[in-house]
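So the structure is just underneath, and the comments pick up after that.
The values are calculated or read from the model by the stated rules, or taken from the named source; none is laboratory data. Quick caveat, the model's predicted, so the values are computed rather than measured. Every residue, glycine as well, gets a Cβ built from its backbone with ideal geometry; the counts of neighbours run over all protein chains shown. Heavy atoms of the whole protein, side chains included, go into the accessibility calculation; ligands, DNA and RNA do not. Shrake-Rupley method; radii C 1.70, N 1.55, O 1.52, S 1.80 Å.
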Number of protein chains: 2
Amino acid sequence: MLDMNLDFQKSDGLITAIIQDFASGRVLMVGYMNEEAFRATVKTGFVTFYSRSRQKLWLKGESSGHRLVVKEISTDCDADALLVKVDSLGPGVCHEGYESCFFRRLEDDGQWKVTEERTYDPNAVYGGKA
Amino acid sequence: MLDMNLDFQKSDGLITAIIQDFASGRVLMVGYMNEEAFRATVKTGFVTFYSRSRQKLWLKGESSGHRLVVKEISTDCDADALLVKVDSLGPGVCHEGYESCFFRRLEDDGQWKVTEERTYDPNAVYGGKA
């Protein structure tokens, strides 16, 4: 029944899901969920996205083991976005080896600059698949 | 030049922009930007979205005065989303009168529940337009 209140129609069956670290408040990544992914996330307690490129459900951490444990889910006024607070099982969520996917900052000169160190070696985790 | 590094093509010319309070770390809202909105945001220092419903640029706070002052902009590994940290000029960003648009939380019974008080009267600010 809970799905009924979310607006999956506005963007081709998908809603935006912002993933935020429950403890630190850092925004870790953003993904998309269809109704099935949302149901799976609620039912299993692990964040499950819908992969737009692979066009199928994507249990985050399926291959890396870095799953995201759901602590709290909020929705916004339009009911077309979710804020999911999580405990992150692992050193980082980004397939490039960083804690957060948002590891590049816009500098005054108009360039994007990496402003932090990797927290793990993505080749060791993903075996070169990422 | 800075626009060249963002991927506006994946979602019909739009990228997702997560707005986070710079001081508290609270996620306030999520919106969308086209290239023009992104340029305006960087140039003016005030968050400017592209309104999907009105199909035009939307300077957040244009009518309410509750503008969002840009403190920091990051992009993600895919360069198709932004994290914008802001100082919020006003008691809240949500047109329904809340500090954050994410004011409803999913309860164990599967219902969305409002878990906080309004920070301002939206009718007084928007004059019934919202």
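Numbers below:
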{"item": "Residues of the range A:64-94 satisfying the condition of being open to solvent by 60 Å² or more (accessible area, probe 1.4 Å), more than 11 Å from the chain's Cα centre (by Cα) and free of Cβ contacts under 8 Å to residues at least 60 places away in the same chain", "result": "A:Lys71, A:Leu89"}
{"item": "Sole exception among (1) at the interface with chain B (Cβ under 10 Å from one of its Cβ atoms); (2) touching a helix residue (DSSP H, G or I) at 6+ places or on another chain (Cβ under 9 Å) for A:Ser64, by number", "result": "(1)"}
{"item": "Any chance A:Leu28 is hydrophobic (A, V, I, L, M, F, W, C), open to solvent by less than 60 Å² (accessible area, probe 1.4 Å), within 13 Å of chain B (Cβ to nearest Cβ) and in contact (Cβ under 8 Å) with a residue 60 or more places away in the chain", "result": "yes"}
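So that you can scan it fast, the table gives a plain yes or no per residue for (1) hydroxyl-bearing (Ser, Thr, Tyr); (2) open to solvent by 10 Å² or more (accessible area, probe 1.4 Å); (3) within 13 Å of chain A (Cβ to nearest Cβ); (4) within 20 Å of A:Asp80 (Cα to Cα):
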| residue | (1), (2), (3), (4) |
| --- | --- |
| B:Asn5 | no, yes, yes, no |
| B:Ser11 | yes, yes, yes, yes |
| B:Ile18 | no, no, yes, yes |
| B:Asp21 | no, yes, yes, no |
| B:Glu35 | no, yes, no, no |
| B:Lys43 | no, yes, yes, no |
| B:Arg54 | no, yes, no, yes |
